[in-house]
Amino acid sequence: MADRNAKGNDNNVKASGVGANSYTINLEIFSKRLKMLYTHWGEFKSDLWGGAEAFAVATPPPSEDLRYLKSSALNIWLIGYEFPDTIMVFMKKQVHFLCSQKKVSLLEVVKKSAKDAVGVEVIMHMKGKSDDGTTSMDNIFRAVRAESRTDGFDVPVFGYIAREAPEGRLLEMWDEKLKAANFQLTDVTNGFSDLFAVKDPTEITNLKKAAYLTSSVMKSFVVPKLEKVIDEEKKVTHSSLMDDTEKVILEPARIKVKLKAENVDICYPPIFQSGVEFDLRPSASSNDENLFYDPNSVIICALGSRYNSYCSNAARTFLIDASPMQIKAYEVLLKAHEAAIAALKPGSKVSEVYLAALSVVEQEAPQMVPSLTKSAGTGIGLEFRESGLNLNSKNDRILKTGMVFNVSLGFQNLQMEIEKGMETKRRKLETENPKTRKFSILLADTVIVGEHTLEVVTSRCSKSMKDVAYSLKEEEEELPRTKAVPKGAETLLSKATLRSVNHEVSKEELRRQHQAALARRKNEETARRLAGGGTGGTSHGPMKPSGELIAYKNINDIPPPREFMIQIDQKNEAILLPLYGRMVPFHIATVKSVSSQQDTSRTCYIRIMFNVPGAPFSQNDANLQKFQDSIYVKEVSFHSKDPRHISEVVQLIKTLRRQVASRESEKAERATLVTQEKLQLAGAKFKPIRLSDLWIRPVFGGRGRKLSGTLEVHTNGLRYATSRSDERVDIMFGNIKHAFFQPAEKEMITLLHFHLHNHIMVGNKKTKDVQFYVEVMDVVQTIGGGKRSAYDPDEIEEEQRERDRKNKISMDFQNFVSRVNDLWGQPQFKSLDLEFDQPLRELGFHGVPHKSSAFIVPTSTCLVELIETPFVVITLNEIEIVNLERVGLGQKNFDMTIVFKDFKRDVMRIDSIPTSSLDGIKEWLDTTDLKYYESRLNLNWRQILKTITDDPEQFIEDGGWEFLNLEASDSDSDNSQESDQGYEPSDVQSDSGGSEDEDEDSASLVESEDDEEDDSNEEDEEDEGKTWEELEREASNADREKGNESDSEEERKRRKMKAFGKSRAPERRPGASLPKKARFR
């Protein structure tokens, strides 16, 4: 495969330091792969290698064109980078190289390795600038004949790559002399194809990096670019989209992908297609037509990138206001694509992959079978399309572990159909549009065949229907929604709402519709959970009391008094007090407090208070409860003329008391820990994945200087350790609930954070959150320095050092995370469902989760704050609902209350969120399918949850969480007579008189005050012109003048529940419950 820049593989090629273009060859990889080549040649000589006794690989001169050649692939695979204009001849006992002097000097180092690996002699033939190489070619042919005669053959069987036409003066001369040499020629293409088919770990790593770049470009650049173009209704050509995307692939840093630009390239120019002309072949090109995104249109994007010359590919289809037929076609193709991927199992035939996809289409949509592509993809690696690994119905080759495929499937030129019930004028026009009469769809992913599992390495860019279907408009009023949505697609939610030319859909309106559906689903889910008798919580029994306090087992153990004064026995954790001529021992745990003071006569007093029954905070002391009938000493006081001694005694007692309390607390904490499995250390053969110079939070205890440590990944967990033997933390994979990687962007640290299922001990602290971090730059304040120039060379150098340090740290962390993710992807860890999650800063917002303001950021599974302590990690699937409080006009901030499915768990409050973040938070909550409500007041959630758990049946009967719905609660007023007359348009005023009897119980204050005058049509007409604000003011004035006598008991109770406990919860009488959901008449 000839590369436009003739790039080499960094894993195999290392700069020698002699010059910019000077390289050395990785001899270990060369020896390993040369041995693989000769072994494969010997094993499959008669079958795949055509019985060749020797074969040649002739690499053409460099070219600016993108092309894939077996000769170039062999160069990179064997030596590490491409040797253009070079001829290699492989024989049983010799390997000949015919190339320039510079290449000869580079290849000299392989002689010994080749001899040691397979016992062949490497012979170099140097070609001068004016030399056509004929003499060297004659020498090579003589050597081939001599070896053939030695083996008993008169005419050598000589292999070559038949499909590669000779290019350049050297190769053309070689081709002429080869044809004139009177050899029996045979094609060895199949041998190389089979040799390259199974990738080793180094190749797999390169492929994964290429796939990561491909999927990142699709997800982080292509999709946002298309959304912006469509949303802003821009005119952009396919070719300009191609150019922009190619630039991003060649500069990965633009989308924050940490791959070096010199190691990457495109597999082919990115392909963008829309309108009526579609070509699903990889050789397709992006034309100069404008992107077409009218209703019922389809946009196909395919792109591939290379890393160290290894290819990857992904293709996605985006549906714009899709018709039912397009939705059906995409769903069938998606299912067929997944079936093809699932059929890639070691030991199966290659043909079974395509047949699996075909079977799905035949069952789901037999009329679409003629439009299905005739192949499900090809093998991929150093070549974009590896010959011999075509995923069609006729290929009987066997799949092997380590093979990699580009699984590509599509429907070509499907004909649009007119659905029944869609014969409105607009629908006809859309169907008659020549650019929407036919459409094609395509899906492609890069897949690695593992021993037990498959790995779709381009899955980062989603292909699910909700992520590729876009809605530009709502259905026509005359067209019922049920007719526009096919069966099975009722729950389909489009990824984004975009503007069209003639119609604009409010995002708030779409959110409201989605939230209404979520409310119904949430209430049903809560009802099922409560009906099952659980609240999602776990009941914890009382803590086991600690053992009895014993200072001395018998009187003989008491140390003899040195002097008749207060003594501290640190060994036995006791204080000895002189009482009535004897030294009386007290365990230090019985001491409540100790203090000292000095009077004017320089006499010092020491006062010791003891724990006694009945005192505050002593009810949980098991020892006091055990001897409640005993007589206790509450306090003792002593005086002394020696203030130094008194001060020393006080200090010793406080220190001993603190040490014992800390030890007992740690012991109690450890008693509640769940027993963890033991860490299995990685064997000597497998070097553990390691990340050095990390700091840990929470920190280890002790007064010594804090030390950084190393995090290592072992067989079943991670271990962090410093140079001190007692500073060590083990984290089992099975105990990890969430793992996060947060690079330093606007923070001073780059971190890895683990949120655990069960607590562990870090030092003497019990915690569920363990964090490892590195400060990316030193926090230094220059004192006394004036304002420095922007062109100060020292300043510039310092900034460059900081950038380099930050980039190095980020790359180290990224490599660690990638390797651990690969480990967690292995079959034995699949059930744990572990993967490092990365916070999405663009969705973050400021708030106060504890005592100080922090930047809170969502991830794909959590809501986190990992910089300030205590940390915040909230799992999204544990959230019941979210209530946004203090939301209203004129408010600069609002609060967020998160209610968990476990009603015994306290709610989580995030206060003082800027109102400017409200829309973003609503959008995020809605897209993550979290039901949220809004209220104007802070609610007493402890009392609300107690009310729910006390009577869950009544809570369900009263409509569940809908009492929080401001719109539903206010609908009482909306349905009342006067409110309807004042708010609704005049052409529906006849509706205002229809709820006089049934709605009296839930009538608003405005209704109850004005019922006496409500029969007057003149009054109705007068109120007709009043605004909602005027009516609210009248209601407030009436309330102040007349009080609440006219309110029904039910109405007063409803308003109390709406503000549920700004101060306290409303009183409940027997049979009372949460207010009923507002009913629409």
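The values are calculated or read from the model by the stated rules, or taken from the named source; none is laboratory data. None of these values were measured; they are calculated from a predicted model. All Cβ positions, even for glycine, are placed from backbone atoms using ideal geometry, and neighbour counts span all protein chains on display. Surface areas here come from the heavy atoms of the whole protein model, side chains and all, with no ligands, DNA or RNA. Shrake-Rupley method; radii C 1.70, N 1.55, O 1.52, S 1.80 Å.
Values for this structure:
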| quantity | calculated |
| --- | --- |
| Criterion: crowded, with 24+ Cβ neighbours inside 10 Å, out of contact with any helix residue (DSSP H, G or I) (no Cβ under 6 Å at 6 or more places or on another chain) and of a type in the set (Val, Ile, Thr) - qualifying residue of 298, 276 | 298 |
| Number of the condition not met by residue 323 [criteria: (1) modelled with pLDDT of 90 or more; (2) out of contact with any Lys or Arg (no Cβ under 7 Å at 6 or more places or on another chain); (3) open to solvent by less than 10 Å² (accessible area, probe 1.4 Å)] | (1) |
| Candidates 916, 935, filtered to the one that is out of contact with any Ser or Thr (no Cβ under 7 Å at 6 or more places or on another chain), among the small types (Gly, Ala, Ser) and closer than 25 Å to residue 868 by Cα | 916 |
| Conditions (1) of a type in the set (D, E, K, R); (2) at pLDDT 70 or above; (3) open to solvent by 40 Å² or more (accessible area, probe 1.4 Å); (4) under 41 Å from the mean Cα position of the chain (by Cα): number failed by residue 522 | (3) |
| Filter result for the condition that a residue is in contact (Cβ under 8 Å) with a residue 12 or more places away in the chain and over 28 Å from the mean Cα position of the chain (by Cα), over 189, 214 | 189 |
| Yes/no for residue 219 being in contact with a Lys or Arg (Cβ under 9 Å, 6 or more places away or on another chain) and touching a residue at least 12 places away in the same chain (Cβ under 8 Å) | yes |
| Scan of region 443-473 for residues that are closer than 18 Å to residue 409 by Cβ and in a loop (DSSP other than H, G, I, E, B), ordered by number | 457, 458, 459, 461, 462, 463, 464 |
| Residue check for residue 281: assigned to a helix (DSSP H, G or I) and either exposed (fewer than 15 other Cβ atoms within 10 Å of the Cβ) or in contact (Cβ under 8 Å) with a residue 60 or more places away in the chain (or both) | no |
| Residue within region 759-767 that is among the hydrophobic types (A, V, I, L, M, F, W, C) and farther than 24 Å from residue 834 by Cα present | no |
| Residue match in region 357-373 (condition: under 30 Å from residue 162 (Cα atoms), in contact with a Ser or Thr (Cβ under 7 Å, 6 or more places away or on another chain) and in contact (Cβ under 8 Å) with a residue 24 or more places away in the chain) | no |
| Candidates 820, 857 - the one that is within 19 Å of residue 751 (Cα to Cα), touching a Pro at 6+ places or on another chain (Cβ under 7 Å), at pLDDT 90 or above and surrounded by 15 or more Cβ atoms within 10 Å (Cβ to Cβ) | 857 |
